[in-house]
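**Student:** Structure incoming, see below.
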Amino acid sequence: MQTLKILLVEDEQAIADTLLYALGSEGFSVRHVLLGREALPAHIASPFDLIILDVGLPDTTGFEIIKALRADPAGRDVPVIFLTARADEIDRVLGLELGADDYVVKPFSPREVAARVRAIVRREARFRTSNEPPTALWRHDPDAMRIEFHGQALAMTRYEYLLLALLLSAPGRVFTREQIMSRVWAHAPDTDDRSIDTHVKTLRAKLRAIAPQSDPIQTHRGTGYSLLP
């Protein structure tokens with residue numbers, strides 16, 4: 001089994017030492033950096049499987065770092081766990097909306113962090129098992145940018161395809177509006193997030209034209225969208 005590579009961005013050495021020990025005991029390979037500005041270059045130079053990121057750093061914030069990660073193709077999909085001393089709900093919500101996968105409030109048990117890492121790894125492994133959606137309703141050919149629904153090819157615009165392909169990559173997973181914007185409209189930063197709703201509406205119409213009783217794209221109000229598994 002391939003060793004999981006983790007990047008730990010934490011400026012408090014005592015906290016970092018406990019995590020390095022706990023994660024190392026689990027068999028993970030962990031690199032530790034003290035400053036936020038080191039995170040993205042380190043990940044680009046040698047991609048990590050997961051990043052553990054402190055929100056409060058001396059040179060920047062974890063929120064700014066995850067924005068930079070999600071804006072770069074190299075960091076768009078890497079799972080991120082936030083560490084923070086701030087327990088306010090608004091901070092947790094902001095972190096998740098920016099694309100974090102989990103949020104751990106200090107003080108915490110290093111073993112709890114290790115358990116959360118394993119849970120995310122298991123989830124990502126299920127999502128990435130295959131490009132082929134786990135249902136006979138769909139067929140996806142990424143090389144041809146072609147998606148079939150009930151055996152019929154969908155005629156889609158570029159962004160309709162990218163949006164549906166993202167949802168198909170992980171049926172059942174709720175993609176937040178921030179995650180959708182950063183992954184589908186990454187190269188169109190001036191696009192308003194209302195474009196998501198417009199494209200979902202047109203996709204639903206095209207899917208219903210093939211299967212009138214079907215509504216596979218699920219709306220999660222205040223959060224984002226998912227595809228029925």
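**Student:** Anything in the range 40-88 that is within 21 Å of Arg173 (Cα to Cα), assigned to a helix (DSSP H, G or I) and among the β-branched types (Val, Ile, Thr)? List them, or say none.
**Tutor:** Selection gives Ile66 alone.
**Student:** Would you point out the residue of the range 218-229, among those that are surrounded by 13 or more Cβ atoms within 10 Å (Cβ to Cβ) and in contact with a Ser or Thr (Cβ under 8 Å, 6 or more places away or on another chain), that is modelled with the lowest pLDDT?
**Tutor:** Across the range 218-229, the extreme among qualifying residues is Thr223.
**Student:** Against the conditions (1) β-branched (Val, Ile, Thr); (2) under 24 Å from Val93 (Cα atoms); (3) not in a loop (DSSP other than H, G, I, E, B), where does Thr202 fall short? Just the number, please.
**Tutor:** Tallying (1) β-branched (Val, Ile, Thr); (2) under 24 Å from Val93 (Cα atoms); (3) not in a loop (DSSP other than H, G, I, E, B), Thr202 fails exactly one: (2).
**Student:** If you don't mind, another one. So, of the residues in the range 89-106 that are at pLDDT 75 or above and more than 19 Å from Val174 (Cα to Cα), which turns out to be least open to solvent (accessible area, probe 1.4 Å)?
**Tutor:** Selected residue: Val104.
**Student:** Another question about this same structure. Just give me the residues in the range 174-196 being modelled with pLDDT of 90 or more and either surrounded by fewer than 12 Cβ atoms within 10 Å (Cβ to Cβ) or outside any helix (DSSP H, G or I) (or both), in sequence order.
**Tutor:** Passing the criteria: Val174, Phe175, Thr176.
**Student:** Restricted to the range 107-134, and to residues that are at pLDDT 85 or above and basic (Lys, Arg), which residue is surrounded by the most Cβ atoms within 10 Å (Cβ to Cβ)? Can you show your working first?
**Tutor:** The initial filter retains those residues of the range 107-134 that are at pLDDT 85 or above, namely 107-118.
Checking the rest, the ones that are also basic (Lys, Arg) come to 111, 116, 118.
Details: Arg111: 13, Arg116: 18, Arg118: 13.
The selected residue is Arg116.
**Student:** Please indicate, with yes or no, whether at least one residue in the range 174-181 is out of contact with any helix residue (DSSP H, G or I) (no Cβ under 8 Å at 6 or more places or on another chain) and of a type in the set (Lys, Arg). Write out each step before concluding.
**Tutor:** Residues of the range 174-181 that are out of contact with any helix residue (DSSP H, G or I) (no Cβ under 8 Å at 6 or more places or on another chain), as a first pass: 174.
Still in the list and also of a type in the set (Lys, Arg): none.
For the range 174-181, residues out of contact with any helix residue (DSSP H, G or I) (no Cβ under 8 Å at 6 or more places or on another chain) and of a type in the set (Lys, Arg): absent.
**Student:** Consider Gly62 carefully, then state whether it is within 16 Å of Asp11 (Cβ to Cβ) and either modelled with pLDDT under 90 or open to solvent by less than 40 Å² (accessible area, probe 1.4 Å) (or both).
**Tutor:** On the way: within 16 Å of Asp11 (Cβ to Cβ): yes; either modelled with pLDDT under 90 or open to solvent by less than 40 Å² (accessible area, probe 1.4 Å) (or both): yes.
Taking the combined requirement at face value, the residue satisfies it.
**Student:** On the basis of being touching a residue at least 40 places away in the same chain (Cβ under 8 Å), under 18 Å from Ala114 (Cα atoms), out of contact with any Lys or Arg (no Cβ under 7 Å at 6 or more places or on another chain) and not in a strand (DSSP E or B), does Leu19 make the cut? Quick ask: steps written out before the conclusion?
**Tutor:** Working: touching a residue at least 40 places away in the same chain (Cβ under 8 Å): yes; under 18 Å from Ala114 (Cα atoms): yes; out of contact with any Lys or Arg (no Cβ under 7 Å at 6 or more places or on another chain): yes; not in a strand (DSSP E or B): yes.
Yes; evaluated as a whole, the condition is true for this residue.
**Student:** In the range 22-36, which residue that is surrounded by fewer than 17 Cβ atoms within 10 Å (Cβ to Cβ) and in a helix (DSSP H, G or I) is farthest from the chain's Cα centre (by Cα)?
**Tutor:** Of everything passing the filter in the range 22-36, Ser25 is farthest from the chain's Cα centre (by Cα).
The values are calculated or read from the model by the stated rules, or taken from the named source; none is laboratory data. Here the structure is a predicted model, which means the values were calculated and not measured. Virtual Cβ from ideal backbone geometry, glycine too; neighbours counted across all protein chains shown. To get the accessible areas, we keep the full protein, side chains included, count just its heavy atoms, and leave off ligands, DNA and RNA. Shrake-Rupley method; radii C 1.70, N 1.55, O 1.52, S 1.80 Å.
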